[in-house]
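See below for the structure under consideration.
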Amino acid sequence: MAARWLFLSHVLMPSSSLFTIFFLLLSDGVAREASALTRRDFPEGFVFGAGTSAFQVEGAAAEDGRKPSIWDTFTHQAYGSRVNSMMMIGYSAEGANADVAADQYHHFKEDVKLMYDMGLDAYRFSISWPRLVPDGRGEINPKGLEYYNNLINELILHGIQPHVTIYHFDFPQALQDEYGGILSPRFIEDYTAYAEVCFKNFGDRVKHWVTVNEPNIEPIGGYDVGSQPPRRCSYPFGTNCTSGDSSTEPYIVAHHLLLAHASAVSLYRHKYQKIQGGQIGLTLLGWWHEPLTDTPEDAAAAMRMNEFHIGWFMHPLVYGDYPPVMRSRVGSRLPSLTASESQKIRGSFDFIGINHYFVVRVESNNANDQKLRDYYVDADLYGGGGFDKFHPWALVKLLDHLRLKYGNPPVMIHENGDADSPETPGKIDYDDDFRSEFLQGYLEALYLSIRNGSDTRGYFVWSLLDGFEFLFGYSARFGLCGVDFNAKGRTRYVKNSARWYSSFLHDGSERAPAGKIVPFRILQARPRALDHRAPAMAAAAAAAAVLLIAAAASPAAAITKADFPAGFVFGAGTSAYQVEGAFAEDGRKPSIWDTFTHSGYSVGGATGDEDVKLLQELGVDAYRMSIAWPRLIPDGRGAVNPKGVEYYNNIIDELLSHGIQPHVTIYHFDFPQALQDEYNGILSPRFVEDFTAYADVCFKNFGDRVKHWSTVNEPNIEPIGGYDQGILPPRRCSSPFGVLSCDSGNSTTEPYIVAHHLLLAHSSAVSLYREKYQATQGGKIGLTLLGWWYEPGTQAPEDVAAAARMNDFHIGWYMHPLVYGDYPPVMRKNVGSRLPSFTEEESKRILGSYDFVGFNHYIAVYVKADLSKLDKSLRDYMDDAAVTYKQPLLKSNDKPFLFGLKNDFMTSTPWALKKMLNHLQVKYKNPVVMIHENGAAGQPDPSGKNTYDDEFRSQYLQDYIEATLESIRNGSNVRGYFVWSFLDVFEYLFGYQLRFGLYGVDFTSPERTRYQRHSAKWYAGFLHGGELRPVALPVAAAGRAYSHRQHQHKTTIDDSNLEYLTLKPQFSLFAETKSTLADSGLYTMGKEQYSQEPGRSPPKGGRPWTMVGPQKEDDLHWIVQAPVEHIVGNRHDMALWTPNGLLKGLDPSPILGSGGFDLLEDRGLLLTDWWMHTTLHFQTS
């Protein structure tokens, strides 16, 4: 057991459990009755095991040359006190020691037999440093070598992988006496030499090494609180210590542990890894910290504590230095890393081990002025909220945090389990169903995390055996197998939890004993049965046909609007400048965009003169629109235009009369030209006052009916386009940063000033609304950000850091002030004095100035690090972020498009939306979110014809609506989803060359005639209760970057009386007796043909397939006869074609007879996400 129990009594008090939150999180799940998990649901190669550590189970403390560790000394020292009503004699409960413990030293063969019978893949154990090298350095103990060789060989003989920890708390007392142990830098050299003994003697068989166990807790217990050896602390932070300095020593010790780890990894990689073929990492304690209350201070405290706890080691390992918040708060007491040390530490892991048990509730301490400081004062929190042991959602949050913040490292869950205390000392207790329930909950949570993209590769129960649990002695029992500590032979016995785990490992369902446990509920789109009789993927070429159809529209998997939470809002949107037209009518004066477009800075010289009606019934709950500032107040301030008031009153009233909620944006880019001319617009602080006055006009005139206000649209992109790159109005920039030639501007400072003024204006309007209108009008107010998601261009640590940094610059630029009251630390650091500061009053007003946050999300952007940019004397926003990226942002094809883009640059990547929502959930206190824009663009027909067929848009929307629901079920607080856009509109720089509309607009017609596209019919069908399914599935988009880990849907069909399968054009899977496939309309065709000629009839050159079968009465294996040239030899792409269009593109292997497809995930095919009991087999004609 790790040291999580060692000092809890010092910093934490128990609190009530939070089962209410737990079940709320799970309440939308699907009952496990039909879908209990088995180990085969986990990825191939996933490792299941159990663990112990040397000091806790070996015993034989003074046998065969072993010398004392600091824990031997500690447990034998005379001391009397109480911890949680337990008497502490010799610093352990009831004076217990580990002299004999479970006596594995003499019973390891018996224990290996238990592991084998249980079905473990792996056993995690540690090597005792004072057993192998008794004096800490120098002579190796041959008996120690013999013991560990025998244990490792016995494990391998039984097919069990040894996962070995080199150092697990039992530091040699000899080195502690000689130079103060880990507090001395001499420790690094001695530890590295000891690690080499391990590599050299056992590395030919050990393929999984952990350098150090829980280096993020040993420095606290041993050198701050003083509750564990070597008992160093200082007043007032620790008690009963004879020496130490709680303010500095924990950081020094952690620093030395980190350097020792990096040194051992460097040694292993240079000398042993290539030959031995193993992997190496370290294992951290992984508590998850949550705020005790909903106050911003406690939310900040929880985030800060996760940085102090997890980031203390993860940040150096991934980014090469300690977290900025630690650097800021600890100051000079936090050791510095030299350039060479940083280089050695960064990336020094092949995996990260996590020991996870519970949630810690924290509250802010507000003790920043305290002169004497230790680790907890530096973190500025109390731990008085207590800890909760059974909250599997906390593991999900922890793994999400590692995935989002630290580049999704490979993770091994090295410890997870639950303890009980014997009712009477020495009692043998078989009944531990509570432990089975605990393990069930966490295995389900782990499975969910893996489906959501976590790269977790193993799970180890703590512990295999009851053992010596450090401060708690033998009063805490974690074992799957019990140990009779009263028996001289330390008799083992199998508990109920061991039988339960064994059943799971032997492919039984993961379900705890009946009547004992409320089944955990998996979060899935719809109820579906899991069939574990499915054949291996490699066997199912045919499954391709069925899988593709099932992927498109399996009736069991389809979701409807009713699956979303009550009150969830579906809508569509536009903005005033983009659809209203009438730019010079009824008193409206120009905006900066009018000036810009009439100067020729838009594709084709287009202007925004089209008019639009917004009164059509699509079935939406809400319509997102904006108010044109220069229409309502033509000069930007002063007189209100009565015609403007009349227009917006009319449209709002018309919407309400049709039962549609108006969601209104106050400012959506169309800044009044009058104010731009008068004082340079948003660049001037005068903008804040004028914007607030304009917002007041909106609230006063429309707030009795408008209940959803957004102050500003995309304030995190307008400063870049208009004041850095100069590609948007007012076209301000400076050399060498502007894309276009600008007459004036300063790209190094103005973007930050403009963003600052937009944020202040937002908070001023929110303050006005809350103080003057909200109580009587009953509305909500927020702002809307552009929500690109930044991904690393490679998995190099520097690129992972670049993506995290760019997300801070892009999303954190506004979210961090809104949630924490200041700009992100990385922006403060990189931008320096060019980043404006907040006064205390401004910070207070901005903090929490939202009821919701809107996000406009479309794409993922891949970035790479370019730290050389930080060395420039002149830097703009992208230089400050120290990243590079190129357009097109995603995949491309051969069709040219505007500004160097390709026509599919907005390829569907719904995983990016899920990542962004997870990021908001983990980092920004899970705000209420409205997806205010999401959609896909096409291009107009060159001949000017109306474009009705936009199935690609239906597929895109399906992807993102599914992703939204999955995020909600994973805890995201999303309350609404709006398609962009309701109509084709004027798309700014792209004019009318991008068409996002569900409804098309004939811009060649003076009346601007509307027409309904395929996607509008599809969306209307969904909104009226239909299933979430495109009317027809389009060509597969290669950018659909699902992996089967992220999206493992599973399904089956009842084959009891099935004689034939019929593939219907409706893309549903039907089972019909004595049907035929003759009219199913399946064709093959070559690559060029299917990519260039979608249509509703068989394509030119298409060759029909013949469907024959079944092969025999009781079989569901179909033979599909296809033209031989499409299967053999040339590896042509293949397609399934029906009268309604193309289903998917495939790349088959040239295999004769009944064979299989290469299912290529890198082409975005969803085939690997689906498993079917039913298969089809391909045969050449």
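Only the coordinates and a few stated rules stand behind these numbers; no lab work does. What you see is a predicted model, and the numbers here were worked out from it, not measured in a lab. With ideal geometry, Cβ positions are generated from the backbone for all residues, glycine too; neighbour counts draw on all protein chains shown.
Give me the one-decimal nm value for the distance between modelled label points at R40 and E654, 7 Å along each residue's Cα-to-Cβ direction.
Inter-label distance under the simple model: 6.0 nm.
Taking amide H positions as placed 1.01 Å from N in the peptide plane, with prolines and chain starts having none, which residues 5 or more places from L381, or on another chain, fall under 5 Å of its amide H?
Correct list: N365.
Take peptides 909-917, 848-856 and line them up by average Cβ neighbours within 10 Å, highest first, as a rough protection proxy.
Values: 909-917: 25.0, 848-856: 21.9.
Put in order of decreasing packing, that is 909-917, 848-856.
Starting from the 7 Å offset along Cα-to-Cβ, what nm value, one decimal, do you get for the label separation of H106 and S1005?
9.4
Tell me which residues come under 5 Å, amide H to amide H, from I781 once H is placed; ignore anything under 5 positions away on its chain.
Residues meeting the criterion, in which the H sits 1.01 Å from N, are W709, D851, F852.
By how many nm would the segment from T242 to K772 grow when fully extended, if each residue of separation counts as 0.36 nm and the alpha-carbon distance is taken off?
On the way: separation 530, 0.36 × 530 = 190.80 nm, distance 6.14 nm.
Extra length from T242 to K772 when fully extended: 184.7 nm.
With 10 angstrom as the radius, rank M806, M878 by how many other C-beta atoms surround their C-beta, starting from the fewest.
On the way: M806 25, M878 20.
So the residues, fewest neighbours to most, are M878, M806.
Classify the stretch 269-413 as rounded, prolate or oblate, taking a ≥ b ≥ c as the square roots of the eigenvalues of its Cα gyration tensor: rounded when a/c is under 1.5, otherwise prolate if a/b is larger than b/c and oblate if not.
Details: a/c = 2.74, a/b = 1.40, b/c = 1.95.
Judged from the Cα gyration tensor, the stretch 269-413 comes out oblate (a/c at least 1.5, b/c at or above a/b).
At a 10 Å Cβ-Cβ cut-off, how would you order S833, S744, S246, S184, fewest neighbours first?
S833, S744, S184, S246
Report the gain in length on full extension from Y116 to A582: 0.36 nm times residue separation, minus Cα-Cα distance, nm rounded to one decimal.
Numbers: separation 466, 0.36 × 466 = 167.76 nm, distance 7.90 nm.
Gain on extension, Y116 to A582, equals 159.9 nm.
What is the dipole size for the stretch 215-346, taken about its Cα centre, with +1 at each Lys and Arg Cβ and -1 at each Asp and Glu Cβ, in debye to the nearest 20?
On the way: 11 positive and 11 negative charges, 153 e Å.
Dipole about the Cα centre, nearest 20: 740 debye.
Which cross-chain or sequence-distant (5 or more) residues have an amide H under 5 Å from the amide H of Q661, H modelled 1.01 Å from N in plane?
Hits under the 5 Å cutoff: A622, Y623.
Would you mind ranking F809, F596 so that the residue whose beta carbon has the fewest other beta carbons within 10 Å leads the list?
Values: F809 24, F596 21.
Listed from fewest to most nearby Cβ atoms, that is F596, F809.
Which of the residue pairs K829/K925; K561/K1017; K829/K869; K274/K864; K344/K397; K344/K915 have a Cα-Cα distance greater than 18 Å in the structure shown?
K829/K925; K274/K864; K344/K397; K344/K915
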